[in-house]
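Here is the structure we will look at.
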Amino acid sequence: MTVIVINPNSTAAMTGSILAMAETAAPGVAFEGWTSSLAPPAIQGPEDVAAATPPLLELVAQAARRGAGGVILACFDDPALAEARACAPCPVIGVGQAAFHHAALRGWRFSVVTTLPAAIPAIEANIRNYGLSQHLARVRASDVPVLALEDDTEAACARIAEEAERAVAEDDIEAVILGCAGMAKVTGHLRTRLPVPVIDGVETAARFVSVL
């Protein structure tokens, strides 16, 4: 059975990076990457989430009609996750949810390094709603816009790494979680640079969905 990886924004290049990470993480699983072409090009706050939700839910319903074995929502905000689950009988996983539970299952205290400050409230609320606040040290913004991960990957990676290093130095943590699905393409570099585990939500969701 096929697992559908849905990029809830309309940037197809990001879908490609996300799909590559999923396929590397779980090589025994058949993945398809879908781009939500009617959504905003990036999801960076409540307005973007609201605009992205209707086409996202339609894609989830389409995946269910095709008999998908699972669906991954590849946006770290886990937009409309509860509604998406109501659209499909198969497992539906958010990449933020997967990353937080990965850390919790290991008993790790973590900080999240995300994109812009506007993303912080939703991430904090999700962690609280998942009942995992006791594992969170801090959600930090790197001030990297989502699309910069595609347009200037090297500079974006450097800024994310700097913020992650500050998290390690200041937050008394055992892991760093990357707070954007588009960061999948910089995960490997950050793992060579940081002295603690680096958790990527796309990678973790790809592994979790095959178990579920």
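Tabulated data
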{"quantity": "Between the stretch 145-180 and the stretch 128-144, the alpha-carbon center distance in angstrom", "calculated": "14"}
{"quantity": "Residues with amide H under 5 Å from that of A68, placed H, sequence gap 5 or more", "calculated": "none"}
{"quantity": "Rounded if a/c under 1.5, otherwise prolate or oblate - the stretch 144-212, Cα gyration tensor axes", "calculated": "oblate"}
{"quantity": "G94 long-range amide H proximity, modeled H, under 5 Å", "calculated": "L73"}
{"quantity": "Accessible surface, per residue, of the chain when the full set of protein chains is kept, probe 1.4 Å, Å²", "calculated": "41"}
{"quantity": "³J(HN,Hα) computed for each position of the stretch 128-144 - Karplus, 6.51 cos²θ - 1.76 cosθ + 1.60, integer Hz, glycine/proline x", "calculated": "4, 5, 7, x, 10, 4, 5, 8, 8, 8, 6, 9, 10, 9, 8, 6, 9"}
{"quantity": "Equivalent ellipsoid, the stretch 99-188 (semi-axes from 5 times Cα gyration tensor eigenvalues, Å)", "calculated": "21, 14, 11"}
{"quantity": "Helix 95-106 vs. the chain, principal-axis angle (Cα, 0 to 90°, nearest 10)", "calculated": "50"}
{"quantity": "Protein accessible area in the stretch 110-212, 1.4 Å probe - carbon and sulfur %", "calculated": "49"}
{"quantity": "Tensor-based shape of the stretch 1-118 (alpha-carbon gyration tensor, a/c under 1.5 rounded, otherwise prolate or oblate)", "calculated": "rounded"}
{"quantity": "Unit charges at the beta carbon, dipole of the chain: most positive-side option, V186, I173, G131", "calculated": "G131"}
{"quantity": "Helical mean residue ellipticity (222 nm; -39500 (n - 2.57) per DSSP H run of 4+; nearest 500) of the chain", "calculated": "-15000 deg cm²/dmol"}
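The values are calculated or read from the model by the stated rules, or taken from the named source; none is laboratory data. On a predicted model such as this, the values are computed, not experimentally measured, just so you know. Cβ coordinates were reconstructed from backbone atoms using ideal geometry, including for glycine residues, and neighbour counts include every protein chain displayed. Accessible surface is based on the protein model in full, side chains and every heavy atom, while ligands, DNA and RNA are left aside. Shrake-Rupley method; radii C 1.70, N 1.55, O 1.52, S 1.80 Å.
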